[in-house]
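In what follows, a structure is listed as structure tokens, so that the remarks can point back to it.
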Amino acid sequence: MTVKAACHCGAITLELPEWPDRVCECNCSICRRLGALWVYHPPEQVLILHEPGATATYVWGDRTLEFRSCRVCSCTTHWLPLVADYTVMGINARMIEGLEPSHVEVIHEDFGGAGRFWC
């Protein structure tokens, strides 16, 4: 079963291997501002489709992640790891068509030295 996700304007689409049974709400400084709910998959399991130059990249802090957003509608769609220790990427579950956060388990990640960005 392929699960589809997309930014608001559709310039960036993602295909995930399965429907999430849980999502992560991280309280780090960027995630709480984005209002993102994250699901995680190894990058090789996610198909990301967009035209060249369609994404804007934001890297901050310890430079372990790069957040990708649509240059047209500004939706943050996903993040990619910049270090080898991270074996997953994060997909903003709010971009998944038909996902209702109240119908899945929401894990609240208290980012306070856990040493990782995902729950």
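Taken as a whole, the condition of being in contact with a Phe, Trp or Tyr (Cβ under 9 Å, 6 or more places away or on another chain), surrounded by fewer than 18 Cβ atoms within 10 Å (Cβ to Cβ) and of a type in the set (Phe, Trp, Tyr) applies to residue 58.
Note down all Cβ pairs under 9 Å where the first residue falls in segment 90-119 and is on the phi > 0 side of the Ramachandran plot and modelled with pLDDT of 85 or more, the second is surrounded by fewer than 17 Cβ atoms within 10 Å (Cβ to Cβ) and assigned to a strand (DSSP E or B), and they're at least six residues apart or on different chains. Short answer, once both residue conditions are applied: 98/4. The residue that is farthest from residue 4 (Cα to Cα), counting only those in segment 61-77 that are buried (at least 19 other Cβ atoms within 10 Å of the Cβ) and in contact with a Phe, Trp or Tyr (Cβ under 8 Å, 6 or more places away or on another chain), is 65. Of the conditions (1) buried (at least 19 other Cβ atoms within 10 Å of the Cβ); (2) more than 13 Å from residue 75 (Cα to Cα); (3) modelled with pLDDT of 95 or more, residue 26 satisfies every one except a single condition; which number is it? Going through (1) buried (at least 19 other Cβ atoms within 10 Å of the Cβ); (2) more than 13 Å from residue 75 (Cα to Cα); (3) modelled with pLDDT of 95 or more one by one, residue 26 breaks only (3).
The residues in segment 19-71 that are farther than 29 Å from residue 103 by Cβ and assigned to a loop (DSSP other than H, G, I, E, B) can be counted, and the count is 10.
The values are calculated or read from the model by the stated rules, or taken from the named source; none is laboratory data. If you're wondering where the values come from, they're calculated on a predicted model, not measured in any experiment. A quick note on method: Cβ atoms are made from the backbone with ideal geometry, for glycine too, and the neighbour counts reach across all protein chains shown.
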